[in-house]
Protein chains: 2
Amino acid sequence: MILGMARAATTSDVFNAIAEPQRRQIPVLLRGGERPVTEVAGELGMTQPGASKHLRVLREVGLVQDRRAGKQRLYAPDAAGLRPVHEWTGGFAEFWNESFDRLEAYVQDLKQTRDEE
Amino acid sequence: MILGMARAATTSDVFNAIAEPQRRQIPVLLRGGERPVTEVAGELGMTQPGASKHLRVLREVGLVQDRRAGKQRLYAPDAAGLRPVHEWTGGFAEFWNESFDRLEAYVQDLKQTRDEE
DNA sequence: GAATCATATGCCGATATCGGCATGCGTCAA
DNA sequence: TTGACGCATGCCGATATCGGCATATGATTC
């Protein structure tokens, strides 16, 4: 009989994946371009195995993609998995209220940025 | 000497607060109106102490507010603390791309809803 | 095939939760 | 004051991580 779970089996859940501060930095870094594991580890000050483990979690929840390039494996952001989080938080936008118009402005900015490309 | 921390002291961090599936349900419920602890526990199928603990975490990261009303303590959503998460995820919006127009539509919907009230 | 480089996995100790239970504390009514 | 009610806290066992280290797996070159 099982009593008391430390954390309701959260791995492979996006919300949990980004709960880790160190892990959260990785997608940000990759936004600047795809990188091999070693480089991620170096730039974020973690060990190679550490980076590999975090990248595995991020891949499982759809936050990074990887492609093989010779001996290396290049990781790139795949923020599709982040949409649910963005939408969930957005569902509370009405409670920020004072800054609501800024959200609209922010989206308009984003739209403009995209259309200019 | 300290080696190996289970989770880099994340409590009192919004990202961690919403990483817990059960805890994440509470702000959603409170969106329907302020409620006392017992009611939260009842509607979400948790014990009263369980609800109290989750509410404490949520309060510490600014996701719920509370006011005393007689013997009761009423909790209400205070999504201000959710803005950083929304903005952080929004920083990756350019990587969703295909669904970008839907985000715009979603915001417009929100705007309309608000203006109608 | 052997050596080498890049990355992933496995094992470990330390630790931060989570849920259940009992109990403490604060408030209101009689 | 005493009792009843609502809620918060403390203690506990079970467990899911996290980081460090050593090592296995993969791929390339000689």
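The values are calculated or read from the model by the stated rules, or taken from the named source; none is laboratory data. Since this is a predicted model, take the numbers as computed values, not measurements. Backbone-built Cβ (ideal geometry, glycine too); neighbour counts: all protein chains shown. Areas reflect the complete protein model, heavy atoms only, side chains present, ligands, DNA and RNA absent. Shrake-Rupley method; radii C 1.70, N 1.55, O 1.52, S 1.80 Å.
Would you calculate the separation in nanometres between label points at residue A:67 and residue A:28, each defined as 7 Å from the Cα along the Cα-to-beta-carbon direction?
Each label point is offset 7 Å from its Cα along the Cβ direction, giving 2.6 nm.
Hey, got the average number of other protein chain Cβ atoms within 10 angstrom for residues in A:77-88? Write down the numbers at each step before the final one.
On the way: counts 3, 3, 8, 6, 2, 8, 8, 1, 8, 12, 6, 8.
Across A:77-88, the average partner-chain Cβ count within 10 Å equals 6.
How high is the FRET efficiency from residue B:48 to residue A:87, r the C-beta distance, R0 45 Å, rounded to 0.05?
Working: r = 31 Å, r/R0 = 0.69.
About 0.90, to the nearest 0.05.
Stokes-Einstein at 10 °C, 1.306 mPa s, Kirkwood radius from Cα pairs: D for region A:14-79 in µm² s⁻¹?
D = 139 µm²/s.
Could you pull the copy-to-copy label distances for residue A:32, with points set 7 Å along Cα to Cβ, in nm to one decimal and sorted shortest first?
For residue A:32, the other copies' label points sit at 4.7 nm, shortest first.
Using a label point 7 Å beyond Cα on the Cα-Cβ vector, give me the inter-copy distances for residue A:48 in nanometres, one decimal, shortest first.
Distances to the matching label points in the other copies: 5.7 nm.
Tell me the total accessible area that B and A bury against each other, 1.4 angstrom probe, in square angstrom rounded to 100. Spell out each step's value before the answer.
Numbers: alone 8690 and 8650 Å², together 13010 Å².
The contact between A and B buries close to 4300 Å².
Taking a probe of 1.4 angstrom, what is the accessible area of residue A:96 in Å², to the nearest 10?
Number for this one is 20 Å².
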